[in-house]
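Visitor: To start, I am sharing the structure in question, which I have written as structure tokens.
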Amino acid sequence: MSIRNTIIDNLISELDDLKTVDYEADIKKITPFVANYLTEPSSNTPMLMVTDEGNDTLLTEDPTHVCFAFNVTIYGFINKDIKYEKTQEELNEITASIKQWINSGPSLGDNVYAIQFVECTGNSYDDQGKALTGVRTRILYWCVKGTY
């Protein structure tokens with residue numbers, strides 16, 4: 001498995017911490033991004049979905065090591081028949097919980113030396129109680145040349 005895939009697997013595993021009472025959002029499910037998330041039953045939400053954006057930026061290298069950064073967006077989805085104000089509150093709690101989790105210094109593996117908050121990507125709503133928010137992160141990692 002590539003180092004990057006291992007990092008994503010570790011990220012999804014570590015996000016399980018958000019299911020604890022120490023965070024604002026009451027997260028029910030964590031998964032890689034799923035195209036049919038709109039059909040998730042309300043009992044599975046709020047849920048988080050992780051998307052590797054596919055970019056890789058070379059930060060630095062020496063004769064034996066390379067350092068890269070790539071972006072991952074963590075989407076929060078709710079499917080509840082609640083008013084707009086309550087929906088906005090829940091999305092804000094998801095965003096706050098993700099930022100708190102990032103700042104807690106999660107362990108994403110030996111090759112990762114930082115995960116950084118980049119931005120909130122905005123919220124989208126529909127008139128049936130479904131809403132989505134996103135938090136873009138940047139993961140900085142290193143590897144031995146040739147072991148990507």
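Visitor: Could you tell me how many cubic angstrom of Cα convex hull volume the range 90-145 has per residue?
Guide: Spelled out: Cα convex hull of the range 90-145, divided by residues, is 94 Å³.
Visitor: Could you size up the charge dipole of the range 24-63 around its Cα centre, putting +1 on the beta carbon of Lys and Arg and -1 on that of Asp and Glu, and report it in debye to the nearest 20?
Guide: 400
Visitor: What length, rounded to one decimal in nm, is gained on full extension from SER107 through to ASN36, with 0.36 nm per residue of separation minus their alpha-carbon distance?
Guide: Length gained between SER107 and ASN36: 22.6 nm.
Visitor: Report the one residue of THR137, ILE78, TYR37 whose Cα lies farthest in the direction of the positive end of the charge dipole of the chain (charges on C-beta: Lys and Arg +1, Asp and Glu -1; origin at the Cα centre).
Guide: TYR37
Visitor: When the Karplus curve 6.51 cos²θ - 1.76 cosθ + 1.60 is applied with θ = phi - 60°, which whole-Hz ³J(HN,Hα) does each residue of the range 35-41 get, with x for Gly and Pro?
Guide: Per-residue couplings from phi come out as 5, 9, 4, 5, 8, 4, x Hz.
Visitor: How many angstrom separate the Cα center of the range 60-80 from the Cα center of the range 1-37?
Guide: 14
Visitor: Can you run phi through the Karplus equation (6.51, -1.76, 1.60; θ = phi - 60°) for the range 58-63 and list ³J(HN,Hα) in whole Hz, with x for Gly and Pro?
Guide: 3J(HN,Hα) across the range 58-63, in whole Hz: 6, 9, 6, 8, 10, x.
Visitor: Also, I was wondering about something else. Just how large is the dipole of the chain about the Cα centre, in debye to the nearest 20, putting +1 at every Lys and Arg Cβ and -1 at every Asp and Glu Cβ?
Guide: Dipole of the chain, to the nearest 20 debye: 140 debye.
Visitor: Can you work out the base-10 log of I(q)/I(0) for the chain at q = 0.09, 0.10, 0.17 1/Å, using the Debye formula on its C-alpha atoms alone?
Guide: Log10 of I(q)/I(0), two decimals: -0.30, -0.36, -0.91.
Any read-out appearing in this document is the output of simple, stated calculations on the displayed coordinates, not a laboratory observation. Quantities reported herein were computed from a predicted structural model and do not represent experimental measurements. Glycine gets a Cβ as well: all are built from the backbone with ideal geometry, and neighbour counts include every protein chain shown.
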